[in-house]
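The structure appears right after this line, and notes come after that.
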Amino acid sequence: MTCVRCRDDLRDGIMARRPRASPLMARFPRLRRIRQEQLGWEIVDILNRLPGNKPSMSSIYRLEQGEAIRMSSARRVFDVVNAALDNKLDPTKELEPSF
């Protein structure tokens, strides 16, 4: 059984869309400083160390510029950087949740 609104939308050629919940986002403010000063890496170096090459290079650039990206992607980048620093970073202090 189709609801009246969905049936009307389908008749008009419009796909009815359910609003999606926005994903939990995070920032990693010190990424650029840590990457350049402590590790001497380029963004490509982080990308090559990520399993499955996720997140995208553009997401890492956005994260480095202070923008929020998905928490899971920010955490993957953090884990790669933290492993290179022998796990000296605390994720609760480095990753800032954003809603």
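Which residue, of I46, I34, I69, is in contact with a strand residue (DSSP E or B) (Cβ under 7 Å, 6 or more places away or on another chain) and among the β-branched types (V, I, T)? Don't jump to the end; show me each part of the working.
Details: I46 fails: in contact with a strand residue (DSSP E or B) (Cβ under 7 Å, 6 or more places away or on another chain); I34 fails: in contact with a strand residue (DSSP E or B) (Cβ under 7 Å, 6 or more places away or on another chain).
Step by step, each of I46, I34, I69 is checked, and only I69 is in contact with a strand residue (DSSP E or B) (Cβ under 7 Å, 6 or more places away or on another chain) and among the β-branched types (V, I, T).
Yes or no, residue by residue, for (1) in contact with an Asp or Glu (Cβ under 7 Å, 6 or more places away or on another chain); (2) closer than 24 Å to P23 by Cα; (3) not polar (S, T, N, Q):
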site: R49; (1), (2), (3): no, no, yes
site: I60; (1), (2), (3): no, yes, yes
site: M71; (1), (2), (3): no, yes, yes
site: N87; (1), (2), (3): no, no, no
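Would you be able to tell me the number of residues in region 33-65 that are within 23 Å of S98 (Cα to Cα) and among the aromatic types (F, W, Y)?
Qualifying residue count, region 33-65: 1.
When you go through L89, L85 one by one, which is the residue that is out of contact with any Ser or Thr (no Cβ under 7 Å at 6 or more places or on another chain), of a type in the set (A, V, I, L, M, F, W, C) and surrounded by 16 or more Cβ atoms within 10 Å (Cβ to Cβ)?
On the way: L85 fails: surrounded by 16 or more Cβ atoms within 10 Å (Cβ to Cβ).
Residue meeting the stated conditions: L89.
Pick from region 50-68 the residues that are closer than 18 Å to R33 by Cα and of a type outside the set (G, A, S): which of them is surrounded by the most Cβ atoms within 10 Å (Cβ to Cβ)?
It comes out as L63.
Counting residues that are of a type in the set (S, T, N, Q), which helices (runs of 4 or more DSSP H) fully inside region 40-99 reach at least 2?
On the way: elements: 43-49, 57-64, 71-84, 91-94.
The qualifying helices (runs of 4 or more DSSP H) are 57-64, 71-84.
Each value in this text was obtained by applying a stated rule to the coordinates, not by laboratory testing. Worth saying up front: this structure is predicted, and the values here are computed from it rather than measured. Using ideal geometry, Cβ is built from the backbone for each residue, glycine included, and neighbour counts are taken over all protein chains shown.
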